[in-house]
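Notes follow once the structure below has been shown.
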Protein chains: 2
Amino acid sequence: MQDIQSYISDNKNRFINELIELLKIPSVSADTAFSQDVLNTADAVMKALKDAGCDSVELCETPGYPIVYGEKIIDSNLPTVLVYGHYDVQPADPINLWDSPPFDPVIKETQLHPEGAIFARGACDDKGQMYMHVKALEYMTKNDKLPCNVKFMIEGEEEVGSESLAWFVPRNKEKLANDVILISDTGMIANDIPSITTGLRGLSYVEVEVTGPNRDLHSGLYGGAVANPINVLTKMIASLHDENNHITIPGFYDKVEELSTEERAEMAKAPFSLEKYKNALDIDDVYGEAGYTTNERNSIRPTLDVNGIWGGYTGEGAKTVIASKAYAKISMRLVPNQEWEEITQLFKKHFESIAPAGVKVEVKPHHGGQGYVTPINNIGYQAASKAYEQTFGKKPIPQRSGGSIPIVSLFEKELESKTILMGFGLDSDAIHSPNEHFGIWNYLKGIETIPYFYEYFTELSK
Amino acid sequence: MQDIQSYISDNKNRFINELIELLKIPSVSADTAFSQDVLNTADAVMKALKDAGCDSVELCETPGYPIVYGEKIIDSNLPTVLVYGHYDVQPADPINLWDSPPFDPVIKETQLHPEGAIFARGACDDKGQMYMHVKALEYMTKNDKLPCNVKFMIEGEEEVGSESLAWFVPRNKEKLANDVILISDTGMIANDIPSITTGLRGLSYVEVEVTGPNRDLHSGLYGGAVANPINVLTKMIASLHDENNHITIPGFYDKVEELSTEERAEMAKAPFSLEKYKNALDIDDVYGEAGYTTNERNSIRPTLDVNGIWGGYTGEGAKTVIASKAYAKISMRLVPNQEWEEITQLFKKHFESIAPAGVKVEVKPHHGGQGYVTPINNIGYQAASKAYEQTFGKKPIPQRSGGSIPIVSLFEKELESKTILMGFGLDSDAIHSPNEHFGIWNYLKGIETIPYFYEYFTELSK
């Protein structure tokens, strides 16, 4: 029997190569052109769970992509950890901005990852972080170190709203029964500043379509005389923020949790350099809601961003056209207490109300999710904190994240258990962007830390 | 020797088939993927001019696509007509909105074209209208009816700004010397309301690029904390019009010709039904600058329209990204006296000045052109008016168009002659849109009318 450090050191290259193989499959759930690849990835994950020591592994059919389920139950009197992750990835667009092909993983050193990082779509989000749990299980089963029961639920639609998971979970409450849910799909502050995410923002994602004339028109003959859907769309979107960058949708802020001065002072202690932040993004200034700091703007405050916009002629050269239609994808990040479905309705009602005569507007809700908070006195949080202290040599900082994992609040509602977000990625890992990567040090540190979580959680549960 | 009506009736099917063959070549000048097709179209036009009776035809090299030149000089003491047209076409996008393939011409009847119309990209703009002149020349040469000298200059870059023509014309003033320039690249009010375009709007076409962070970012982690280039672009574009839809660029209106109450009253006499206009476009209201009618808004007033916008994720499904860059193509239609290069500079200066901290803005001028007016006492206009009266049975109405043919003011400056815009298309022919078409009646009526122009112009020049 080996300890975890020497097991990792003996198997390091295999761990890396197995992840690389998984990253080669382009499991883009948002684009149906990749549907066979998504299914092939599910099969690969199933095999990996079997090899890592799960007693029973199955592909659970859903209305969409299947959910991979695996378990190893050693004693029904012991606590059960449910690991959640996802095997789908974001689209790789814009592909021309990648320095190497997104599904042909390469290892390169970076300033923040001197031991190398794997560059590929999904390297960090979430194949790499999910696979840490598979390899941690392998260590525990092969070395007789598993102190409790474990269940894995790995889905294939996280990047498109987890609709099938929302269908699956309430129908499988018994199968999924657990004492704590463990997810690695977030980040930490820095490799020498470990942190655990205790709060997530909610999300409402919509697509809007503005229709003007019933066909594309010549801008010379009609320009100035009919509503141009693109001009109208820009005016409508622009009006969604006022001069202080507050969102203007009536009722939008009604349920927003306002933090106390003390809480905001506590948050302000997290290490942050505005200069480094601006330099890393090559921007001359930050931009956001008046009255809040950068760290507050991207964590405790709700926001509204256009994620995509298109209409008219976008090819090479010039075309003097007035488009018939213009489109945008718009998402709102929400904070705890804001109800995402209510916000979607408020957006829809408001956006339709501000359409000028001469255009028709359609708002199509895409998906959404609630915000979430884990209290730091929860034993799951405490077990994770002790695990990080063990492997990083320092206590992790509890941190609110600006991102959303909508299913976390679903789990709380349906499975009545809290989720612990042990993320090992860095903000600079470029998830959802070209050149996504995941540090090899981080990958191995995750595999090292996870078994301690199982050990401490089992102890604290006694 | 035949008269023109019987010649057309004898050769009608051949005239139609020859045009259809020309329309099959996708001469899209805006997209380099079609460059061989553009060149092939030039060859086809050269052959057509030779067959129609030009004594000398040549392909004139330029920095871009070649200009087809042909001439038939019968007597240097007689006047010379220079015919201008273009053999390139607009891009066919969005192709999925065409009822038949854009480069596979079909003849279909429509309400306005009960004798059938040819549906294809370029059918009206400008292959069909240009080819009327070739067939009119054929009639005159084959039947010994050419009363004066004729030169043809057919270019391949009209849809992308005629840059090579602007290079060619000043270098070939002697070759191009003429007494009047004849162009069919505009429309008329209706088949029973002939009209001749006496004014054109100018154009300034620019592309703008807004850059925020140096890479695409996850909207959860960064949303609300950095300037989102798409949101910023919408705000910047929205601010270009005030609440009365006046353009807010400082100095934009300084040189705009203001028409007198009498002139506006004269314009208002043109037949126009707001209900029919709205029904034809399926819009519930028109939209435009306060204080002006629809016909004024699209002819005597300058305008600013977004012709294309893009940024972020525009594929299927959802992607929670903050794009690094957002783009728009913006064109301004100008009226006589506005200098297009000055307006481009005013736009650039203003647009750059309104960029908020946190983004960089680049404005790239595409192309432009001056507005233009032909006085109706010009003998070219009078010859055209008499020609229409002969073939339509009624006097044509002089009309200001909202469109731009930037090279018309170039011709006036370099060649010192006036241009007569004898357009035979209808506004409903969907030029620059899917399902562009050209009425067969209009095509043949153009061929019939043009020889009378030559006859009257030669007479009036004595």
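The values are calculated or read from the model by the stated rules, or taken from the named source; none is laboratory data. Remember, predicted model here, so these are calculated numbers, not experimental data. Virtual Cβ from ideal backbone geometry, glycine too; neighbours counted across all protein chains shown. Note: areas computed on protein heavy atoms with side chains; ligands, DNA, RNA excluded. Shrake-Rupley method; radii C 1.70, N 1.55, O 1.52, S 1.80 Å.
Tabulated data
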| read-out | value |
| --- | --- |
| Yes/no for residue B:274 being open to solvent by 10 Å² or more (accessible area, probe 1.4 Å) and more than 10 Å from every other protein chain (Cβ to nearest Cβ) | yes |
| Cβ-Cβ under 8 Å pairs, at least 6 apart or on other chains, the range B:376-395 side farther than 12 Å from residue B:452 by Cα and open to solvent by 90 Å² or more (accessible area, probe 1.4 Å), far side of a type in the set (D, E, K, R) and in a helix (DSSP H, G or I) | B:395/B:389 |
| Condition broken by residue B:191, with the remaining ones in (1) within 11 Å of chain A (Cβ to nearest Cβ); (2) touching a residue at least 60 places away in the same chain (Cβ under 8 Å) satisfied | (1) |
| Members of the range A:199-218 that are within 29 Å of the chain's Cα centre (by Cα) and open to solvent by 10 Å² or more (accessible area, probe 1.4 Å) | A:207, A:209 |
| Matching strands (runs of 3 or more DSSP E) fully within the range A:76-125 where at least 2 residues are open to solvent by 50 Å² or more (accessible area, probe 1.4 Å) and either away from chain B (no Cβ under 14 Å) or not charged (D, E, K, R) (or both) | A:106-108 |
| Residues of the range A:441-462 satisfying the condition of being closer than 28 Å to residue A:17 by Cα, among the hydrophobic types (A, V, I, L, M, F, W, C) and crowded, with 21+ Cβ neighbours inside 10 Å | A:444, A:447, A:450, A:453 |
| Any chance residue A:339 is outside the structural domain of residue A:405 (by TED's automatic domain parsing) and modelled with pLDDT under 95 | yes |
| Test: residue in the range A:381-403 that is in contact with a helix residue (DSSP H, G or I) (Cβ under 6 Å, 6 or more places away or on another chain) and within 14 Å of another protein chain (Cβ to nearest Cβ) | yes |
| Residue selected from the range B:145-156 under the condition part of a strand (DSSP E or B) and surrounded by 24 or more Cβ atoms within 10 Å (Cβ to Cβ), by the criterion nearest to the other protein chains (Cβ to nearest Cβ) | B:155 |
| Matching residues in the range A:315-342 - criterion: being on the phi > 0 side of the Ramachandran plot and touching a Ser or Thr at 6+ places or on another chain (Cβ under 9 Å) | A:317 |
| Set B:312, B:371, B:380: member being small (Gly, Ala, Ser) and at positive phi | B:312 |
| Verdict on residue B:186 being hydroxyl-bearing (Ser, Thr, Tyr) and within 7 Å of chain A (Cβ to nearest Cβ) | no |
| Count of the range B:63-75 residues which are in a loop (DSSP other than H, G, I, E, B), open to solvent by 20 Å² or more (accessible area, probe 1.4 Å) and away from chain A (no Cβ under 14 Å) | 4 |
| Condition met for residue A:428 (out of contact with any helix residue (DSSP H, G or I) (no Cβ under 6 Å at 6 or more places or on another chain), within 14 Å of chain B (Cβ to nearest Cβ) and either part of a helix (DSSP H, G or I) or at positive phi (or both)) | yes |
| Some residue of the range B:41-53 being in a loop (DSSP other than H, G, I, E, B) and within 24 Å of residue B:181 (Cα to Cα) | yes |
| Among (1) in contact (Cβ under 8 Å) with a residue 40 or more places away in the chain; (2) open to solvent by less than 60 Å² (accessible area, probe 1.4 Å); (3) outside any loop (DSSP other than H, G, I, E, B); (4) within 30 Å of residue A:166 (Cβ to Cβ), the one test that residue A:30 misses | (3) |
| Search result, residues across the range B:320-331 that are farther than 29 Å from residue A:158 by Cα and facing another protein chain (nearest Cβ under 9 Å) | B:327, B:328, B:329, B:331 |
| Residue, farthest from the other protein chains (Cβ to nearest Cβ), within the range B:10-32, restricted to residues that are of a type in the set (Val, Ile, Thr) and within 22 Å of the chain's Cα centre (by Cα) | B:20 |
| Lone unmet requirement of (1) open to solvent by less than 20 Å² (accessible area, probe 1.4 Å); (2) away from chain A (no Cβ under 14 Å); (3) of a type in the set (Phe, Trp, Tyr) for residue B:351 | (2) |
| Looking only at the range B:290-313, and only at residues there that are of a type outside the set (D, E, K, R), under 20 Å from residue A:212 (Cα atoms) and at the interface with another protein chain (Cβ under 7 Å from one of its Cβ atoms), the one that is surrounded by the fewest Cβ atoms within 10 Å (Cβ to Cβ) | B:294 |
| Condition check for residue A:57: modelled with pLDDT of 95 or more, touching a Leu at 6+ places or on another chain (Cβ under 9 Å), in the same structural domain as residue A:150 (by TED's automatic domain parsing) and in a strand (DSSP E or B) | yes |
| Residues being outside any helix (DSSP H, G or I) and open to solvent by less than 10 Å² (accessible area, probe 1.4 Å) - total across the range B:157-197 | 12 |
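Condition check ((1) within 20 Å of residue A:405 (Cβ to Cβ); (2) modelled with pLDDT of 95 or more; (3) under 21 Å from the mean Cα position of the chain (by Cα)) across all residues:
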| residue | (1), (2), (3) |
| --- | --- |
| A:89 | yes, yes, yes |
| A:95 | no, no, yes |
| A:101 | no, yes, no |
| A:123 | yes, yes, yes |
| A:133 | yes, yes, yes |
| A:140 | no, yes, no |
| A:163 | yes, no, yes |
